[in-house]
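The values are calculated or read from the model by the stated rules, or taken from the named source; none is laboratory data. None of these values were measured; they are calculated from a predicted model. Cβ sites come from the backbone with ideal geometry, for glycine too, and all protein chains shown count toward neighbours.
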């Protein structure tokens, strides 16, 4: 029997890497037996019981029904009142980081934790890539991505599976996007969160072709916004700035606050830029290029190369904050000082980081 | 995209350096930097028909002005190519900071200084880029172009044309001059006593 290839993605058993075959609706590994099923044109490997998302489950299910009836754009226009959320789902600029990727046209890209398909659709809509594979663990969200791919005739292959155990054969992608994903990797696991994140990155490295690229979108543990009290992934302010053990204790004590009911201590680790560089190096990545995602990594159009003082200084000149009175002049001087001292990289709030797998 | 841009910049004799990516009115814009804070090159990706037309007009203007680029402080055109439906257009970067858009009433000295900078540059510009003929010739050309335009000129435009014809004889002795077309403080940059001017898409 021929192995099952979901158009672009070669599926392989998450446990033993045996190539997955399809028989009727069953997806099977030659060694491990049945590992998933084929449902509504989507290979599904994760349980339908678990749900997580910006949109409550019942509303998400209704949205999917509407998307099938009237189209996904009309469904989110009618069903979602939050403008930011609608833009987050539908903006064609969600994947503008891809312009900085050094790779030939016709590449295959994996979008890990694809959510509602904003990045996958923007990548596929760019016309630059042969296929985009959207990996999403939550069935309702995978279903929504499938609806928008079908409606917009986008070259997206949706796979519903846990991103820590992707059912994918090794060395098949030219680029892998981890946008707002790495920090969540250890949320539902045991053991040290950093070890889980490192193991996850090693797994991602394995999926890349030699010379392939990972594109990481993530917050800075010590970013300026954290000091201003922005909510951390724990749902609480300042936890990223605390020593890990104190943050863990604090999360356990304040379990009744927003989003932190699920906290079993502090497990959503973020790092400083140096911390990410070390983590990527330990995972086997090379040639790391960090960018300050000026408007956040979910709006990755304005990307400032942190390894170039000339570019950062040039950016300040281009913005010309001096035109805005004393406050503008102060901002101008502070940013210039940030470039001169190297503190810009230390306190940038959010990063888009590109890193490569070695060619050999 | 980065591969393609690097190759084109190499052909143009420039090292790609590090790219800063910014959102621009016309689409996305990349600034290639080396060690200094002045960009080596500025590359625009234009997607809409209107922005593509603007970029093509500016590239054509910079090509005409290229022999005088150093004197005028204008960028030099580098390359243009289509990528799918989008146009990629590149020019050299220019150094400096723009003139102030707003000045306080007590800043008379600064205002005078800015006027002097622009005045000096205009003198250089209009004596360097010499247009043949007179203002009368240009007004006649414009009238012809407008009359043949689709859509036809509106009532206000016709009134202006008719009024201008009343003065045509007086304009026959005034030589025609080159016009930047969008000269405002944001498009005039200064760097150590040198003046540079941006945005040439309305040059005529």
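Below is a table of values for the structure above.
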item	result
Filter pass, residue A:273 being at pLDDT 90 or above, closer than 19 Å to residue B:20 by Cβ and away from chain B (no Cβ under 14 Å)	yes
Among the residues listed as B:88, B:42, the single one being at pLDDT 90 or above, within 14 Å of the chain's Cα centre (by Cα), in a strand (DSSP E or B) and within 13 Å of chain A (Cβ to nearest Cβ)	B:42
Qualifying helices (runs of 4 or more DSSP H) (wholly inside region A:301-350; at least 2 residues being surrounded by fewer than 16 Cβ atoms within 10 Å (Cβ to Cβ))	A:325-341
Looking only at region A:116-126, and only at residues there that are surrounded by fewer than 24 Cβ atoms within 10 Å (Cβ to Cβ) and closer than 18 Å to residue A:180 by Cβ, the one that is farthest from the chain's Cα centre (by Cα)	A:122
Residue, farthest from the other protein chains (Cβ to nearest Cβ), within region A:109-128, restricted to residues that are at pLDDT below 95 and on the phi < 0 side of the Ramachandran plot	A:125
Residue in region B:137-160 that is free of Cβ contacts under 8 Å to residues at least 60 places away in the same chain, in a helix (DSSP H, G or I), under 30 Å from residue B:70 (Cβ atoms) and touching a strand residue (DSSP E or B) at 6+ places or on another chain (Cβ under 8 Å) present	yes
Criterion: within 25 Å of residue B:194 (Cα to Cα), more than 10 Å from chain A (Cβ to nearest Cβ) and out of contact with any helix residue (DSSP H, G or I) (no Cβ under 7 Å at 6 or more places or on another chain) - qualifying residue of B:53, B:74, B:69, B:49	B:69
Residue list for region B:91-117, restricted to those being in contact (Cβ under 8 Å) with a residue 24 or more places away in the chain and either more than 28 Å from residue A:310 (Cα to Cα) or part of a loop (DSSP other than H, G, I, E, B) (or both)	B:93, B:94, B:95, B:96, B:99, B:100, B:101
Index of the failed condition, residue A:14 passing every other in (1) without any contact (Cβ under 8 Å) to a residue 24 or more places away in the chain; (2) buried (at least 16 other Cβ atoms within 10 Å of the Cβ); (3) assigned to a loop (DSSP other than H, G, I, E, B)	(1)
Among the candidates B:66, B:35, B:50, residue that is under 22 Å from the mean Cα position of the chain (by Cα) and at pLDDT below 95	B:50
Count - residues of region A:320-330 that are without any contact (Cβ under 8 Å) to a residue 12 or more places away in the chain, closer than 21 Å to residue B:190 by Cβ and more than 10 Å from chain B (Cβ to nearest Cβ)	2
Meets criteria (within 14 Å of another protein chain (Cβ to nearest Cβ), in a strand (DSSP E or B) and either more than 24 Å from residue A:36 (Cβ to Cβ) or without any contact (Cβ under 8 Å) to a residue 60 or more places away in the chain (or both)) for residue A:174	yes
Residue list for region B:1-26, restricted to those being facing chain A (nearest Cβ under 10 Å) and outside any loop (DSSP other than H, G, I, E, B)	B:2, B:3, B:4, B:5, B:6, B:18, B:19, B:20, B:21, B:22, B:23, B:24
Check on residue A:93, within 14 Å of chain B (Cβ to nearest Cβ) and under 14 Å from the mean Cα position of the chain (by Cα)	no
Candidates B:100, B:83 - the one that is at the interface with chain A (Cβ under 10 Å from one of its Cβ atoms) and within 21 Å of residue A:126 (Cβ to Cβ)	B:83
